[in-house]
Ligand code: FES
Ligand code: FES
Ligand SMILES: [Fe+2]
């Protein structure tokens, strides 16, 4: 099969193929997906040691804005301070253990517990205890202030780690800032923020987006939109990616005379005339990229840091342990997969969409967060197709007859993710 | 919606005696391919003969518990509503209203269910995604 040379922009996202590690062929034990014991190990040795996305910076733009976010059994409170800094705290009042905030987001000048009104400032410091003299043992502020969690920002996201000894975020992210800074996620605006309860282990969801072996099977429509054969897979230190050419049908559909409707829709949106490409469907992708460049300034977009391929293709990144990014020139579709508090058979799928803002468009307010159960609403055709098998995978894995994942070369990002995971578990 | 479909006439598509119970056959009718199904326990159903998965014909499909099982990759569709009941399909198929008059099976060729234009489009979000 022909492999396209990826066009990269000097100083932009590197496109070179990374060396292939030898990861062997061992069966990946199913216990990692279904065992409560393994789930506890994951919590103690992985979730509590890695960097995780807390929220978008734009969700807490002003001093006093806060948001609560859950990971495993912990609830965290992310707050914007008077100094403009985002800080994260364990969301628990040190008096009798009430959660300091239990709404999803809000704004307040101080953080006051709703039970006995202990009050903390935006840096987490305990500043007021009603009838303090009645605590004859005293209320030492250092001991009773909110417990802070390391917080840093990158890409317009607030990241936190429960690990006081973790490396700096930049070191943890490795190649990610170099690769993805050209997209300027921090300038994008969130336009959708949805959580869906899925009845599967969080890794089953991560896996579903780390392989495209299933694409011709469950997404037959996509064969007319992207080439899922000429895909470059790169495995890095912890993270991985694949580069998927869009605006070019997959080889399995054969020679097409006319541009398929699904490709044509994107072309028409750019003012292209699909009929002109009759008999030249293979030329659409490059023409689409050129057109995107030509029209950028008029539409208020600056693609100067993006290579040509990035104007059409999906640069699909996985940031260990739980962030999946479908990245296009104008939009980022992001999945954050969180484990259930106690049940390895359940998870939370956070779906958010960020859109590139044209030069003169003011940043819109962030959308309200929605939380639904699987099947309560459509997530669009592709995600509905992706999610339909997940509860059945989880049930199937519990079978006595099933031992574990039998992984192909095309699915090797799954194996790579497990290697990283097991490096954490092993310590 | 109901008002609009009420105007669509019922058309003759087949004889009840054409098909054994449990069998289905495709009839071209006014530019559509209509799959007429004689239900195993009696009664007739008709659908657009196009599986929503890979747009293949379901002629000869098995009928089980009120559902049609696509012979290609096994997707199930409810024959009352057209809803996809199992992977690999998620989109519905079109079910045509049926009337039996004497030995005639009549169908109402309502508009087929629209497929979403952009497979990535998420209801509730403007634009591409
Ligand atoms: S074919 Fe992949 S899980 Fe069965
Ligand atoms: S074509 Fe019917 S299930 Fe695939
Ligand atoms: Fe998929």
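Every read-out reported here was derived from the displayed coordinates using simple, explicitly stated rules and does not represent laboratory data. Since we're looking at a predicted model, the values are computed, not measured. In this analysis, Cβ positions are derived from the backbone assuming ideal geometry, glycine residues included, and neighbour counts consider all displayed protein chains.
Over all residues in B:96-102, what is the mean tally of Cβ atoms on other chains that come within 10 Å of each residue's Cβ?
Taking the mean over all residues of the peptide, I get 0.
Roughly speaking, what is the stretch gain from residue A:275 to residue A:109, that is 0.36 nm per residue apart minus the C-alpha to C-alpha distance, in nm to one decimal?
Taking 0.36 nm per residue and subtracting the Cα distance, the gain is 53.9 nm.
Let me know the mean shielding of A:375-384 by other chains, meaning the per-residue number of their Cβ atoms within 10 Å of its Cβ. Can you show the working numbers first?
Working: counts 0, 0, 3, 7, 4, 10, 10, 8, 5, 6.
The shielding value for this peptide is 5.
Evaluate E = 1/(1 + (r/R0)^6) for residue A:283 and residue A:125, where r is the Cβ-Cβ distance and R0 equals 56 Å; express this FRET efficiency to the nearest 0.05.
For R0 = 56 Å, the calculated efficiency reads 0.35.
Using only DSSP helix segments of four residues or longer, with each worth -39500 (n - 2.57), what per-residue ellipticity at 222 nm results for chain B after dividing by its residue count and rounding to 500?
After summing the helix terms and dividing by the residues of chain B, the value is -500 deg cm²/dmol.
So how far, in whole Å, is the C-alpha centre of the range A:367-421 from the one of the range B:67-98?
Result: 23 Å between the Cα centres.
In cubic angstrom, how much convex hull volume per residue do the alpha carbon atoms of chain B span? Show your work: numbers first, answer last.
Values: hull volume 15.5 nm³, N = 129.
Looking at chain B, the number lands at 120 Å³ per residue.
Along each principal axis of its Cα atoms, how long is the range A:9-53 end to end? Whole angstroms, biggest number first, please.
Each principal axis gives a Cα extent; for the range A:9-53 these are 47, 31, 13 Å.
Considering only A:302, A:22, A:228, give the residue with the highest GNM mean-square fluctuation for chain A, with springs between Cα atoms whenever their separation is below 10 Å.
Comparing A:302, A:22, A:228 in the GNM, the peak value goes to A:22.
Over chain A, what is the relative contact order in percent, taking alpha-carbon pairs closer than 8 angstrom and at least six residues apart? Intermediate values should be presented prior to the final figure.
Working: 790 pairs, mean separation 93.7, N = 427.
This gives 22 percent for chain A.
Between the helical axis of A:412-426 and the dominant principal axis of chain A, each derived from Cα atoms, what acute angle in degrees is found, rounded to the nearest 10?
That works out to roughly 20 degrees.
Based on DSSP H runs of at least 4 residues, each adding -39500 (n - 2.57), what is the mean residue ellipticity at 222 nm of chain A after dividing by all its residues, to the nearest 500 deg cm²/dmol?
-5500 deg cm²/dmol
Which angle from 0 to 90°, rounded to the nearest 10, does the C-alpha axis of helix A:284-299 make with the longest principal axis of chain A?
Approximately 50 degrees, to the nearest ten.
Can you tell me the convex hull volume per residue for the protein assembly as shown, based on C-alpha atoms, in Å³ to the nearest whole number? Show your work: numbers first, answer last.
Details: hull volume 112.8 nm³, N = 556.
It comes to 203 Å³ per residue, whole-number rounded.
If packing is taken as the average count of other Cβ atoms within 10 Å, what order do A:42-48, A:95-101 fall into, highest mean first? It would help to have the intermediate numbers written out before the result.
Numbers: A:42-48: 18.6, A:95-101: 16.3.
Highest mean packing first, the order is A:42-48, A:95-101.
Which residue, A:345, A:131, A:227, has the most motion in a Gaussian network model of chain A that connects Cα atoms within less than 10 Å?
Evaluated over chain A, the most mobile residue of the options is A:131.
Of the listed peptides A:72-83, B:9-20, what is their order by residue-averaged count of other C-beta atoms within 10 Å, with the highest listed first?
Those peptides, ordered most packed to least, come out A:72-83, B:9-20.
Take every residue in peptide A:217-226, count the Cβ atoms of other chains within 10 Å of its Cβ, and give the average of those counts.
Details: counts 5, 6, 3, 8, 8, 2, 1, 1, 3, 0.
Averaged over the peptide's residues, the number is 4.
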